[in-house]
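Please read the structure below before turning to the comments.
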Amino acid sequence: MNTVRLLYKRLLTFYPAAFREQLAESMEQTFNDLCQERRQSKKTLPGFVLWMFVETTLGIFREHLFLAVKGDGMQIALRTLGFSGGISFLILLPFMAMEVVNRRNLNDDFPAFLFLVMWLNLFALSIILLPIVRSRRTGNHDIENAVSTPRNALVTNPGWAAVISVIVFLFPGILPLLDSIGWLSLDRLFNGPNPEVTYLPGMFMSLGFLLFPVAAGIIAARPIVSTLGAGGSLFAHPINLIIIAFILSTFAIGFANLLIDQWPCFIGIPNCD
């Protein structure tokens, strides 16, 4: 029991500081009293101890999540995600309406996967660009008060951010390498055991790999966002800017190719594919 009490006391130290200072001592005392009570009444103790550890661990995660959501950074991130997703959907909405009106009959399947891919391309463009635009519009442009980009974090250090973003962007390229040496079958991974049947896991994995260049663009943009917010120049970190321009061009070209390819279907040309 002494070991259990020490472990529980140690577990309580993982609560946020403010919560720990206010309630940790009373929680520890309550735990000790309940354990003593169950021992005296000869009730099952191991199950109770396990449940208390699980419940406390969940409480620790809940408190940290509450602090993260309450913070300004998380609020801005959630607003950015919501705005990017909404504006991307609104841009696609006219094309979806054209698809329904001009081509779709009751027996036709709506090309949901096509519009999902198009939406992801637009979402990637907006989620990378939006923080840059916001920082450029709201940043302090008083040169005398401008401060340099922070160097105490990898994602805000321009050099490290550029290196990490390139690594993240190129990471999916390891799959063709593994396929070439026979360690992995890309065809089976994405098409499943029967290529004639739609393989949903493969489709979702393909979409998931789109997240790597999105993450690379966000990482490369962090130093630029910080510098713009401090009143600096958009061109203060040219390597990061080149990486962002390349990633944005990739998504823009992907969206444009899909739009051009499907435009005949959107305007109702018969037998289009």
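Dividing the summed helix terms, -39500 (n - 2.57) for each DSSP H run of n ≥ 4, by the number of residues in the chain produces a 222 nm estimate of -25000 deg cm²/dmol to the nearest 500.
Largest GNM mean-square fluctuation across Leu122, Leu50, Leu228, computed for the chain with C-alpha springs under 10 Å, falls on Leu50. As a proxy for reagent exposure, Trp51, Trp160 were ordered by neighbouring Cβ count within 10 angstrom, fewest first; the result is Trp51, Trp160. By the count of neighbouring beta-carbon atoms within 10 Å, fewest first, Val166, Val225, Val100 end up ordered Val100, Val166, Val225. Peptides 52-62, 79-89, ordered by how many other C-beta atoms sit within 10 Å of their residues on average, highest first, read 79-89, 52-62. For a 4.7 Å threshold on C-beta separation, the list of partnerless cysteines in the chain reads Cys35. Entry note, the chain: relative contact order of 22 percent, from Cα contacts under 8 Å with a spacing of 6+ residues.
A Förster radius of 22 Å combined with the Cβ-Cβ distance from Leu58 to Ile167 puts the calculated FRET efficiency at roughly 0.05.
By the beta-carbon count within 10 Å of each Cβ, the least crowded to most crowded order of Trp183, Trp263, fewest first, is Trp183, Trp263.
No value in this document is a laboratory result; all are computed from the given coordinates. All of these numbers come straight from a predicted model, not from anything done at the bench. Glycine also receives a Cβ, built like all others from the backbone with ideal geometry; neighbour counts cover every protein chain displayed.
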